[in-house]
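See below for the structure under consideration.
The values are calculated or read from the model by the stated rules, or taken from the named source; none is laboratory data. Everything numeric in this text was worked out from a predicted model, so none of it was measured. Cβ sites come from the backbone with ideal geometry, for glycine too, and all protein chains shown count toward neighbours. Note: accessible area is taken over every heavy atom of the protein model, side chains too, but ligands, DNA and RNA are not part of it. Shrake-Rupley method; radii C 1.70, N 1.55, O 1.52, S 1.80 Å.
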Amino acid sequence: MDESAKPARLEDGEDLEAFVDEHDVALVEFYTKGCERCNAMVPVLGNVTRVTDVSIALLNPGNDITLVDRFDIRSVPTLVLFEDGDEIGRLAEGFVQTDAVVSFLEERVPETVAE
């Protein structure tokens with residue numbers, strides 16, 4: 001766990017592929033510019049980074065519109081969880097608190113959440 005860790009910012013699908021390939025477990029927030037709920041998720045994801053071993057990134061699919069269909073993004077923020085390159089879960093409920101994200105991770109990748 002890295003106390004100073006912050007979510008990475010990705011630019012496009014190529015960055016996303018590299019990020020997911022580089023990390024065994026990765027959580028990606030799909031957001032849009034000007035989305036207040038999305039902006040509110042940034043400190044939450046910072047907290048999640050500090051209390052889990054999950055690598056977290058932020059990506060605006062508007063920068064690479066093919067990602068909207070590829071990942072079936074219907075609302076933002078949408079959090080997509082990857083393990084070994086495969087999607088294993090998603091949260092698409094708008095703004096969620098740190099404990100809800102940690103619980104989501106604990107259910108799917110318990111080894112990444114410290115006791």
For segment 46-63, state whether one or more residues are farther than 19 Å from Asp84 by Cα, part of a helix (DSSP H, G or I), free of Cβ contacts under 8 Å to residues at least 24 places away in the same chain and not small (Gly, Ala, Ser). no
Any residue in segment 15-27 that's open to solvent by 20 Å² or more (accessible area, probe 1.4 Å): show its pairings with residues that are among the polar types (S, T, N, Q) at Cβ separation under 6 Å, as long as the two are six or more apart or on different chains. His23/Ser55
Would segment 38-58 turn up any residue that is crowded, with 18+ Cβ neighbours inside 10 Å, in contact with a Gly (Cβ under 7 Å, 6 or more places away or on another chain), at pLDDT below 95 and closer than 20 Å to Ser103 by Cβ? no
For segment 61-69, indicate whether the set of residues that are modelled with pLDDT of 95 or more and among the small types (Gly, Ala, Ser) is non-empty. no
Top-ranked residue of segment 79-93 - restricted to ones that are under 17 Å from Val68 (Cα atoms) and aliphatic (A, V, I, L, M), ranked as most open to solvent (accessible area, probe 1.4 Å): Ala92
Meets criteria (crowded, with 16+ Cβ neighbours inside 10 Å, of a type in the set (Val, Ile, Thr) and not in a loop (DSSP other than H, G, I, E, B)) for Val68: no
Among the candidates Ala18, Ala40, Ala5, which residue alone is more than 11 Å from the chain's Cα centre (by Cα), part of a helix (DSSP H, G or I), among the hydrophobic types (A, V, I, L, M, F, W, C) and over 20 Å from Glu93 (Cβ atoms)? Ala18
